[in-house]
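Data block below; observations after.
The values are calculated or read from the model by the stated rules, or taken from the named source; none is laboratory data. None of these values were measured; they are calculated from a predicted model. For neighbour counting, all protein chains shown are included, and Cβ atoms are generated from backbone atoms with ideal geometry for every residue, glycine included. Calculation scope for accessible area: heavy atoms of the full protein, side chains included, ligands and nucleic acids excluded. Shrake-Rupley method; radii C 1.70, N 1.55, O 1.52, S 1.80 Å.
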Amino acid sequence: MCGVSPGATPSTDSRDAPALARTVSGRLLFLFILGDVLGAGVYVLVGEVAGASGGAVWVPLLLALGLALLTAASYAELATKHPRAGGAAVYTTRAFGPLVGFVVGFCMLAAGVVSVAALARAFGGDYLAAFVDLPVVPVAVVFLLALAALNARGIRDSLRANVVMTCIEVGGLVLVVVLGLVVLARDGGDASRLTSLGTPESGPVAAVLAGSVLAFYSFVGFETSVNVAEEVRDPRRSYPRALFGALAAAGVVYLAVGVVASLVVPTDVLASSSGPLLEVVREAGIVPPVVFAAIALVAVANGALLTGIMSSRLTYGMARDGAVPRGLARVLPRRRTPWVAILVTTAASLLLALTGGVADLAATLVLLLLVVFTAVNAAVLVLRRRDGGSTDHFRAPTVLPVLGIASCVLLATQVEGGVWLRGGVLVVIGVVLGVVSTALRRRSPRAPEPSAR
(Lines give C-alpha, C1' and ligand atoms only; values in the text may rest on other atoms or scores of the structure.)
Protein backbone atom coordinates (compact mmCIF):
# COMPACT_ATOMS: atom_id res chain seq x y z
CA MET A 1 0.00 0.00 0.00
CA CYS A 2 1.31 3.43 -0.87
CA GLY A 3 1.98 5.41 2.26
CA VAL A 4 0.31 8.64 3.34
CA SER A 5 2.41 11.52 4.57
CA PRO A 6 1.56 12.28 8.21
CA GLY A 7 2.75 15.80 7.75
CA ALA A 8 0.74 16.64 4.67
CA THR A 9 -0.29 20.28 4.70
CA PRO A 10 -3.94 21.05 4.01
CA SER A 11 -4.80 23.37 1.19
CA THR A 12 -6.12 26.75 2.20
CA ASP A 13 -8.61 29.20 0.84
CA SER A 14 -9.27 32.33 2.89
CA ARG A 15 -12.81 32.57 1.57
CA ASP A 16 -13.85 29.17 2.84
CA ALA A 17 -14.12 27.09 5.98
CA PRO A 18 -10.96 25.38 7.24
CA ALA A 19 -9.60 23.21 4.44
CA LEU A 20 -9.33 19.45 4.59
CA ALA A 21 -5.92 17.79 4.64
CA ARG A 22 -4.56 16.39 1.35
CA THR A 23 -3.49 12.99 2.66
CA VAL A 24 -5.05 10.55 0.16
CA SER A 25 -2.72 8.90 -2.36
CA GLY A 26 -3.81 7.66 -5.78
CA ARG A 27 -3.60 4.06 -4.61
CA LEU A 28 -5.78 4.72 -1.58
CA LEU A 29 -8.28 6.50 -3.83
CA PHE A 30 -8.35 3.51 -6.20
CA LEU A 31 -9.12 1.20 -3.27
CA PHE A 32 -11.71 3.66 -1.95
CA ILE A 33 -13.60 3.58 -5.25
CA LEU A 34 -13.16 -0.16 -5.74
CA GLY A 35 -14.35 -0.87 -2.21
CA ASP A 36 -17.39 1.36 -2.65
CA VAL A 37 -18.38 -0.19 -6.00
CA LEU A 38 -17.71 -3.75 -4.81
CA GLY A 39 -20.05 -3.23 -1.89
CA ALA A 40 -22.95 -5.20 -0.57
CA GLY A 41 -24.83 -4.97 -3.89
CA VAL A 42 -22.90 -7.70 -5.68
CA TYR A 43 -23.50 -10.07 -2.78
CA VAL A 44 -27.28 -9.80 -3.08
CA LEU A 45 -28.21 -8.51 -6.55
CA VAL A 46 -26.90 -11.24 -8.85
CA GLY A 47 -30.01 -13.27 -8.10
CA GLU A 48 -32.28 -10.28 -8.67
CA VAL A 49 -30.63 -9.62 -12.04
CA ALA A 50 -31.12 -13.26 -13.00
CA GLY A 51 -34.78 -13.06 -12.04
CA ALA A 52 -35.28 -9.96 -14.19
CA SER A 53 -33.22 -10.87 -17.26
CA GLY A 54 -32.75 -14.65 -17.34
CA GLY A 55 -29.67 -16.83 -17.04
CA ALA A 56 -27.37 -14.62 -19.15
CA VAL A 57 -26.58 -12.39 -16.18
CA TRP A 58 -23.41 -11.13 -17.83
CA VAL A 59 -25.36 -9.18 -20.50
CA PRO A 60 -27.10 -6.66 -18.19
CA LEU A 61 -23.92 -6.48 -16.09
CA LEU A 62 -21.88 -5.52 -19.15
CA LEU A 63 -24.49 -3.01 -20.30
CA ALA A 64 -24.64 -1.45 -16.82
CA LEU A 65 -20.84 -1.12 -16.76
CA GLY A 66 -20.89 0.72 -20.08
CA LEU A 67 -23.62 3.08 -18.88
CA ALA A 68 -21.76 3.74 -15.63
CA LEU A 69 -18.56 4.59 -17.53
CA LEU A 70 -20.41 7.29 -19.49
CA THR A 71 -21.30 9.22 -16.36
CA ALA A 72 -17.95 8.40 -14.74
CA ALA A 73 -16.25 10.30 -17.58
CA SER A 74 -18.24 13.40 -16.64
CA TYR A 75 -17.31 13.00 -13.00
CA ALA A 76 -13.63 12.65 -13.94
CA GLU A 77 -13.72 15.91 -15.87
CA LEU A 78 -15.51 17.87 -13.16
CA ALA A 79 -13.55 16.41 -10.24
CA THR A 80 -10.23 17.32 -11.87
CA LYS A 81 -11.54 20.74 -12.88
CA HIS A 82 -13.10 21.56 -9.50
CA PRO A 83 -11.58 19.23 -6.87
CA ARG A 84 -13.71 20.26 -3.92
CA ALA A 85 -15.77 18.49 -1.28
CA GLY A 86 -19.43 18.77 -2.22
CA GLY A 87 -19.03 17.03 -5.57
CA ALA A 88 -22.15 17.07 -7.70
CA ALA A 89 -23.68 19.92 -5.67
CA VAL A 90 -20.66 22.13 -6.42
CA TYR A 91 -20.66 21.30 -10.14
CA THR A 92 -24.35 21.89 -10.70
CA THR A 93 -24.31 25.10 -8.66
CA ARG A 94 -21.59 26.46 -10.92
CA ALA A 95 -23.53 25.39 -14.01
CA PHE A 96 -27.16 26.10 -13.12
CA GLY A 97 -27.20 28.20 -9.97
CA PRO A 98 -27.76 27.56 -6.26
CA LEU A 99 -31.28 26.15 -6.49
CA VAL A 100 -30.40 23.31 -8.86
CA GLY A 101 -27.16 22.74 -6.95
CA PHE A 102 -29.07 22.46 -3.70
CA VAL A 103 -31.59 19.99 -5.13
CA VAL A 104 -28.82 17.83 -6.61
CA GLY A 105 -26.87 17.93 -3.37
CA PHE A 106 -30.00 17.07 -1.42
CA CYS A 107 -30.73 14.08 -3.69
CA MET A 108 -27.14 12.88 -3.33
CA LEU A 109 -27.18 13.37 0.41
CA ALA A 110 -30.57 11.67 0.77
CA ALA A 111 -29.35 8.69 -1.23
CA GLY A 112 -26.23 8.42 0.90
CA VAL A 113 -27.99 8.68 4.23
CA VAL A 114 -30.65 6.19 3.15
CA SER A 115 -27.98 3.81 1.90
CA VAL A 116 -26.10 3.87 5.21
CA ALA A 117 -29.34 3.24 7.09
CA ALA A 118 -30.21 0.30 4.86
CA LEU A 119 -26.73 -1.20 5.23
CA ALA A 120 -26.90 -0.77 9.00
CA ARG A 121 -30.09 -2.82 9.09
CA ALA A 122 -28.62 -5.33 6.63
CA PHE A 123 -25.62 -5.78 8.91
CA GLY A 124 -27.95 -6.86 11.69
CA GLY A 125 -29.87 -9.29 9.48
CA ASP A 126 -29.38 -12.81 8.18
CA TYR A 127 -25.62 -12.73 7.72
CA LEU A 128 -25.05 -11.77 11.36
CA ALA A 129 -27.62 -14.39 12.41
CA ALA A 130 -25.20 -17.04 11.14
CA PHE A 131 -23.08 -16.19 14.20
CA VAL A 132 -25.36 -14.72 16.86
CA ASP A 133 -29.07 -13.97 17.05
CA LEU A 134 -29.45 -10.31 18.06
CA PRO A 135 -32.23 -7.76 17.48
CA VAL A 136 -31.63 -5.73 14.33
CA VAL A 137 -32.20 -2.27 15.84
CA PRO A 138 -29.58 -2.39 18.66
CA VAL A 139 -27.05 -3.85 16.23
CA ALA A 140 -27.76 -1.04 13.76
CA VAL A 141 -27.29 1.59 16.49
CA VAL A 142 -23.93 0.23 17.63
CA PHE A 143 -22.86 -0.27 14.02
CA LEU A 144 -23.59 3.35 13.07
CA LEU A 145 -21.87 4.76 16.16
CA ALA A 146 -18.75 2.72 15.43
CA LEU A 147 -18.69 3.94 11.83
CA ALA A 148 -19.10 7.57 12.98
CA ALA A 149 -16.18 7.21 15.38
CA LEU A 150 -13.93 5.80 12.64
CA ASN A 151 -15.03 8.52 10.22
CA ALA A 152 -14.29 11.28 12.78
CA ARG A 153 -10.89 9.80 13.60
CA GLY A 154 -9.71 10.72 10.12
CA ILE A 155 -10.06 9.82 6.47
CA ARG A 156 -6.59 8.32 6.44
CA ASP A 157 -7.54 5.78 9.12
CA SER A 158 -10.92 5.21 7.48
CA LEU A 159 -9.35 4.49 4.11
CA ARG A 160 -6.74 2.23 5.66
CA ALA A 161 -9.59 0.25 7.20
CA ASN A 162 -11.15 0.28 3.74
CA VAL A 163 -7.97 -1.27 2.31
CA VAL A 164 -8.34 -4.28 4.62
CA MET A 165 -12.08 -4.62 4.06
CA THR A 166 -11.77 -4.20 0.28
CA CYS A 167 -9.18 -6.97 0.16
CA ILE A 168 -11.60 -9.22 2.09
CA GLU A 169 -14.49 -8.26 -0.22
CA VAL A 170 -12.49 -8.97 -3.36
CA GLY A 171 -11.15 -12.16 -1.79
CA GLY A 172 -14.70 -13.33 -1.16
CA LEU A 173 -15.67 -12.72 -4.77
CA VAL A 174 -12.54 -14.45 -6.03
CA LEU A 175 -13.45 -17.35 -3.74
CA VAL A 176 -16.86 -17.57 -5.40
CA VAL A 177 -15.25 -17.68 -8.85
CA VAL A 178 -12.76 -20.37 -7.78
CA LEU A 179 -15.45 -22.49 -6.15
CA GLY A 180 -17.58 -22.15 -9.26
CA LEU A 181 -14.69 -23.37 -11.39
CA VAL A 182 -14.33 -26.34 -9.03
CA VAL A 183 -17.97 -27.22 -9.62
CA LEU A 184 -17.47 -26.92 -13.38
CA ALA A 185 -14.39 -29.16 -13.20
CA ARG A 186 -16.64 -31.81 -11.69
CA ASP A 187 -18.81 -31.60 -14.81
CA GLY A 188 -21.40 -29.56 -12.97
CA GLY A 189 -23.20 -26.51 -14.34
CA ASP A 190 -25.09 -25.74 -17.52
CA ALA A 191 -23.49 -23.57 -20.22
CA SER A 192 -26.81 -23.05 -22.01
CA ARG A 193 -27.88 -20.60 -19.29
CA LEU A 194 -25.24 -18.12 -20.49
CA THR A 195 -27.28 -17.41 -23.62
CA SER A 196 -30.72 -17.48 -22.02
CA LEU A 197 -32.33 -14.03 -22.08
CA GLY A 198 -35.93 -13.19 -21.29
CA THR A 199 -38.53 -14.27 -18.77
CA PRO A 200 -42.12 -15.49 -19.04
CA GLU A 201 -43.20 -11.87 -18.51
CA SER A 202 -40.64 -10.04 -20.70
CA GLY A 203 -38.89 -10.55 -24.00
CA PRO A 204 -35.08 -10.41 -24.32
CA VAL A 205 -34.77 -6.62 -24.84
CA ALA A 206 -37.14 -5.66 -22.02
CA ALA A 207 -35.55 -8.26 -19.75
CA VAL A 208 -32.05 -6.92 -20.37
CA LEU A 209 -33.16 -3.36 -19.65
CA ALA A 210 -34.92 -4.42 -16.45
CA GLY A 211 -31.86 -6.37 -15.34
CA SER A 212 -29.60 -3.44 -16.23
CA VAL A 213 -31.39 -1.18 -13.74
CA LEU A 214 -30.56 -3.62 -10.95
CA ALA A 215 -27.06 -4.19 -12.28
CA PHE A 216 -26.51 -0.41 -12.50
CA TYR A 217 -27.13 -0.21 -8.76
CA SER A 218 -24.22 -2.60 -8.29
CA PHE A 219 -21.87 -0.21 -10.12
CA VAL A 220 -22.87 3.00 -8.35
CA GLY A 221 -20.54 4.13 -5.63
CA PHE A 222 -17.95 5.68 -7.92
CA GLU A 223 -19.76 9.02 -7.60
CA THR A 224 -19.02 9.22 -3.87
CA SER A 225 -15.30 9.57 -4.55
CA VAL A 226 -15.60 13.14 -5.87
CA ASN A 227 -16.40 14.25 -2.34
CA VAL A 228 -12.89 13.32 -1.21
CA ALA A 229 -11.15 14.81 -4.27
CA GLU A 230 -10.14 17.79 -2.14
CA GLU A 231 -8.23 15.41 0.13
CA VAL A 232 -6.40 13.70 -2.77
CA ARG A 233 -2.81 14.54 -3.58
CA ASP A 234 -2.55 15.70 -7.23
CA PRO A 235 -6.22 14.99 -8.10
CA ARG A 236 -5.85 16.03 -11.75
CA ARG A 237 -3.46 13.15 -12.32
CA SER A 238 -4.60 10.61 -9.74
CA TYR A 239 -8.39 10.86 -9.94
CA PRO A 240 -9.08 9.69 -13.55
CA ARG A 241 -6.64 6.80 -13.19
CA ALA A 242 -8.18 5.66 -9.91
CA LEU A 243 -11.77 6.09 -11.15
CA PHE A 244 -11.52 4.24 -14.46
CA GLY A 245 -9.15 1.65 -13.05
CA ALA A 246 -11.50 0.83 -10.20
CA LEU A 247 -14.56 0.60 -12.46
CA ALA A 248 -12.70 -1.64 -14.89
CA ALA A 249 -11.53 -3.91 -12.07
CA ALA A 250 -15.03 -4.04 -10.60
CA GLY A 251 -16.46 -4.86 -14.03
CA VAL A 252 -14.10 -7.80 -14.51
CA VAL A 253 -14.93 -9.18 -11.06
CA TYR A 254 -18.68 -8.71 -11.55
CA LEU A 255 -18.67 -10.39 -14.95
CA ALA A 256 -16.67 -13.35 -13.62
CA VAL A 257 -19.01 -13.73 -10.64
CA GLY A 258 -22.11 -13.40 -12.84
CA VAL A 259 -20.89 -16.00 -15.34
CA VAL A 260 -19.90 -18.49 -12.65
CA ALA A 261 -23.11 -18.05 -10.67
CA SER A 262 -25.21 -18.52 -13.80
CA LEU A 263 -23.27 -21.61 -14.86
CA VAL A 264 -23.33 -23.32 -11.46
CA VAL A 265 -26.73 -22.43 -10.00
CA PRO A 266 -30.07 -22.94 -11.79
CA THR A 267 -31.62 -19.59 -12.70
CA ASP A 268 -34.77 -20.12 -10.63
CA VAL A 269 -32.71 -21.01 -7.54
CA LEU A 270 -30.44 -18.01 -8.10
CA ALA A 271 -33.40 -15.67 -8.54
CA SER A 272 -35.20 -16.86 -5.41
CA SER A 273 -32.20 -16.68 -3.07
CA SER A 274 -31.51 -13.72 -0.77
CA GLY A 275 -27.88 -14.84 -0.68
CA PRO A 276 -27.25 -15.91 -4.29
CA LEU A 277 -23.48 -16.22 -4.00
CA LEU A 278 -23.95 -18.46 -0.98
CA GLU A 279 -25.66 -20.89 -3.36
CA VAL A 280 -22.38 -21.20 -5.28
CA VAL A 281 -20.55 -21.91 -2.03
CA ARG A 282 -23.07 -24.60 -1.14
CA GLU A 283 -22.81 -26.20 -4.58
CA ALA A 284 -19.04 -26.54 -4.15
CA GLY A 285 -19.35 -28.01 -0.64
CA ILE A 286 -15.77 -27.10 0.26
CA VAL A 287 -15.96 -23.88 2.29
CA PRO A 288 -18.34 -23.64 5.28
CA PRO A 289 -21.16 -21.18 4.46
CA VAL A 290 -20.46 -19.35 7.72
CA VAL A 291 -17.10 -18.22 6.32
CA PHE A 292 -18.80 -16.55 3.41
CA ALA A 293 -21.34 -14.97 5.77
CA ALA A 294 -18.42 -13.29 7.56
CA ILE A 295 -17.09 -11.95 4.26
CA ALA A 296 -20.53 -10.58 3.39
CA LEU A 297 -20.65 -8.74 6.73
CA VAL A 298 -17.33 -7.09 5.91
CA ALA A 299 -18.72 -6.05 2.51
CA VAL A 300 -21.76 -4.46 4.16
CA ALA A 301 -19.61 -2.65 6.72
CA ASN A 302 -17.23 -1.34 4.08
CA GLY A 303 -20.05 -0.03 1.91
CA ALA A 304 -21.57 1.77 4.90
CA LEU A 305 -18.21 3.27 5.93
CA LEU A 306 -17.45 4.67 2.48
CA THR A 307 -20.97 6.00 1.96
CA GLY A 308 -20.83 7.60 5.41
CA ILE A 309 -17.60 9.36 4.43
CA MET A 310 -19.28 10.63 1.27
CA SER A 311 -22.37 11.89 3.11
CA SER A 312 -20.38 13.81 5.72
CA ARG A 313 -18.04 15.37 3.12
CA LEU A 314 -20.98 16.35 0.94
CA THR A 315 -22.67 18.01 3.92
CA TYR A 316 -19.41 19.77 4.77
CA GLY A 317 -19.04 21.03 1.19
CA MET A 318 -22.61 22.32 1.03
CA ALA A 319 -22.19 24.05 4.41
CA ARG A 320 -18.90 25.66 3.37
CA ASP A 321 -20.63 27.05 0.28
CA GLY A 322 -23.53 28.36 2.38
CA ALA A 323 -26.21 26.03 0.97
CA VAL A 324 -26.92 24.66 4.47
CA PRO A 325 -26.06 26.15 7.88
CA ARG A 326 -22.35 26.92 7.98
CA GLY A 327 -22.02 25.39 11.42
CA LEU A 328 -22.06 22.03 9.64
CA ALA A 329 -18.64 22.91 8.18
CA ARG A 330 -16.87 22.84 11.55
CA VAL A 331 -13.87 20.55 11.63
CA LEU A 332 -11.86 19.03 14.45
CA PRO A 333 -8.73 21.18 14.93
CA ARG A 334 -6.31 18.23 15.08
CA ARG A 335 -8.01 15.59 12.94
CA ARG A 336 -9.32 18.08 10.35
CA THR A 337 -12.45 16.00 9.90
CA PRO A 338 -15.97 17.52 9.61
CA TRP A 339 -17.27 16.34 12.98
CA VAL A 340 -20.59 18.21 12.96
CA ALA A 341 -21.46 16.89 9.50
CA ILE A 342 -20.55 13.38 10.65
CA LEU A 343 -22.82 13.66 13.70
CA VAL A 344 -25.77 15.03 11.71
CA THR A 345 -25.59 12.49 8.87
CA THR A 346 -25.13 9.64 11.35
CA ALA A 347 -28.16 10.81 13.34
CA ALA A 348 -30.25 10.95 10.14
CA SER A 349 -29.16 7.43 9.16
CA LEU A 350 -29.90 6.22 12.67
CA LEU A 351 -33.42 7.66 12.55
CA LEU A 352 -34.08 6.00 9.20
CA ALA A 353 -32.65 2.70 10.41
CA LEU A 354 -35.04 2.79 13.36
CA THR A 355 -38.11 3.50 11.24
CA GLY A 356 -37.72 1.60 7.95
CA GLY A 357 -36.84 -1.79 6.55
CA VAL A 358 -34.00 -2.54 4.16
CA ALA A 359 -36.23 -2.90 1.10
CA ASP A 360 -38.09 0.36 1.78
CA LEU A 361 -34.88 2.28 2.43
CA ALA A 362 -33.17 0.98 -0.72
CA ALA A 363 -36.07 1.41 -3.16
CA THR A 364 -35.44 5.05 -4.14
CA LEU A 365 -31.64 5.00 -4.39
CA VAL A 366 -31.34 4.34 -8.12
CA LEU A 367 -33.89 6.99 -9.06
CA LEU A 368 -32.26 9.64 -6.85
CA LEU A 369 -28.88 8.90 -8.37
CA LEU A 370 -30.28 9.04 -11.90
CA VAL A 371 -31.48 12.58 -11.14
CA VAL A 372 -27.99 13.46 -9.91
CA PHE A 373 -26.22 11.81 -12.86
CA THR A 374 -28.42 13.59 -15.41
CA ALA A 375 -27.59 16.96 -13.84
CA VAL A 376 -23.86 16.18 -13.67
CA ASN A 377 -23.69 15.16 -17.33
CA ALA A 378 -25.51 18.34 -18.30
CA ALA A 379 -23.19 20.42 -16.09
CA VAL A 380 -20.16 19.24 -18.04
CA LEU A 381 -21.56 20.67 -21.27
CA VAL A 382 -22.65 23.97 -19.69
CA LEU A 383 -19.37 24.59 -17.85
CA ARG A 384 -17.31 23.90 -20.98
CA ARG A 385 -19.02 26.76 -22.79
CA ARG A 386 -18.69 29.06 -19.79
CA ASP A 387 -15.12 28.26 -18.77
CA GLY A 388 -13.59 28.20 -22.25
CA GLY A 389 -11.13 25.65 -23.56
CA SER A 390 -8.98 25.05 -20.48
CA THR A 391 -6.87 21.91 -20.80
CA ASP A 392 -5.27 21.56 -17.36
CA HIS A 393 -7.71 18.81 -16.39
CA PHE A 394 -9.20 15.58 -17.73
CA ARG A 395 -11.55 16.24 -20.65
CA ALA A 396 -14.13 13.68 -21.75
CA PRO A 397 -15.12 13.43 -25.43
CA THR A 398 -18.29 15.53 -25.89
CA VAL A 399 -20.35 12.55 -26.97
CA LEU A 400 -19.91 10.85 -23.58
CA PRO A 401 -21.90 13.30 -21.40
CA VAL A 402 -24.58 13.42 -24.11
CA LEU A 403 -24.85 9.63 -24.07
CA GLY A 404 -24.71 9.77 -20.27
CA ILE A 405 -27.87 11.87 -20.19
CA ALA A 406 -29.57 9.51 -22.63
CA SER A 407 -28.58 6.49 -20.55
CA CYS A 408 -30.09 8.02 -17.39
CA VAL A 409 -33.34 8.71 -19.20
CA LEU A 410 -33.37 5.16 -20.56
CA LEU A 411 -32.86 3.61 -17.12
CA ALA A 412 -35.42 5.94 -15.55
CA THR A 413 -38.08 4.56 -17.91
CA GLN A 414 -37.50 1.13 -16.33
CA VAL A 415 -38.12 2.32 -12.75
CA GLU A 416 -41.41 1.18 -11.20
CA GLY A 417 -44.21 3.63 -10.43
CA GLY A 418 -44.02 3.16 -6.66
CA VAL A 419 -40.36 4.13 -6.68
CA TRP A 420 -41.18 7.22 -8.76
CA LEU A 421 -43.71 8.24 -6.12
CA ARG A 422 -41.28 7.88 -3.20
CA GLY A 423 -38.41 9.47 -5.10
CA GLY A 424 -40.62 12.28 -6.31
CA VAL A 425 -41.58 13.18 -2.75
CA LEU A 426 -37.90 13.47 -1.80
CA VAL A 427 -37.12 15.60 -4.84
CA VAL A 428 -40.05 17.92 -4.04
CA ILE A 429 -38.77 18.27 -0.47
CA GLY A 430 -35.35 19.15 -1.87
CA VAL A 431 -36.87 21.78 -4.18
CA VAL A 432 -38.85 23.40 -1.34
CA LEU A 433 -35.81 23.50 0.95
CA GLY A 434 -33.72 24.81 -1.94
CA VAL A 435 -36.12 27.68 -2.61
CA VAL A 436 -36.07 28.63 1.06
CA SER A 437 -32.28 28.34 1.30
CA THR A 438 -31.72 30.38 -1.87
CA ALA A 439 -34.08 33.13 -0.68
CA LEU A 440 -32.38 33.34 2.71
CA ARG A 441 -28.91 33.50 1.16
CA ARG A 442 -29.95 36.34 -1.13
CA ARG A 443 -31.36 38.36 1.77
CA SER A 444 -28.53 37.73 4.24
CA PRO A 445 -24.89 38.85 4.12
CA ARG A 446 -22.23 36.18 4.06
CA ALA A 447 -22.00 34.56 7.45
CA PRO A 448 -18.77 34.67 9.50
CA GLU A 449 -16.40 31.77 8.91
CA PRO A 450 -17.02 28.82 11.23
CA SER A 451 -14.22 28.05 13.62
CA ALA A 452 -12.38 24.74 13.70
CA ARG A 453 -13.90 23.57 16.93
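Worth pointing out:
- For the chain, the longest site-free run once GluC sites (Glu not before Pro) in DSSP loop states with at most 12 other Cβ atoms within 10 Å are removed: 202-415
- Gyration tensor over alpha-carbon atoms, the stretch 34-90, equivalent ellipsoid semi-axes in Å: 30, 13, 8
- Once C-alpha pairs closer than 8 Å and six or more residues apart are averaged by separation and normalised to the residue number of the stretch 43-148, the relative contact order reads 12 percent.
- The stretch 192-277: proportion of alpha-carbon pairs further apart than 20 angstrom, %: 50 percent
- Summary value for the stretch 45-105: 17 percent relative contact order, contacts being C-alpha pairs under 8 angstrom separated by 6+ residues.
- Gyration tensor over alpha-carbon atoms, the stretch 41-185, equivalent ellipsoid semi-axes in Å: 31, 25, 16
- Computed about the Cα centre, the dipole magnitude for the chain is approximately 2220 debye when only Lys and Arg (+1) and Asp and Glu (-1) carry charge, each at its Cβ.
- Length-normalised contact order for the stretch 84-226 - Cα pairs under 8 Å, 6+ apart - percent: 17 percent
- Spread over its residues, the convex hull of the C-alpha atoms of the chain is 135 Å³ per residue.
- Farthest toward positive dipole pole in the stretch 157-259 [+1 Lys/Arg, -1 Asp/Glu at C-beta], among L255, A185, S238: S238
- Going by accessible surface with a 1.4 Å probe and the largest first, L184, L354 read L354, L184.
- Kyte-Doolittle mean at least 1.0 and Cα axial length at least 18 Å: DSSP H helices in the chain: 40-53, 58-81, 98-123, 136-153, 155-185, 204-219, 235-264, 289-320, 339-355, 365-387, 399-412, 417-443
- Largest-first ordering by accessible area, 1.4 Å probe, given options R395, R160: R395, R160
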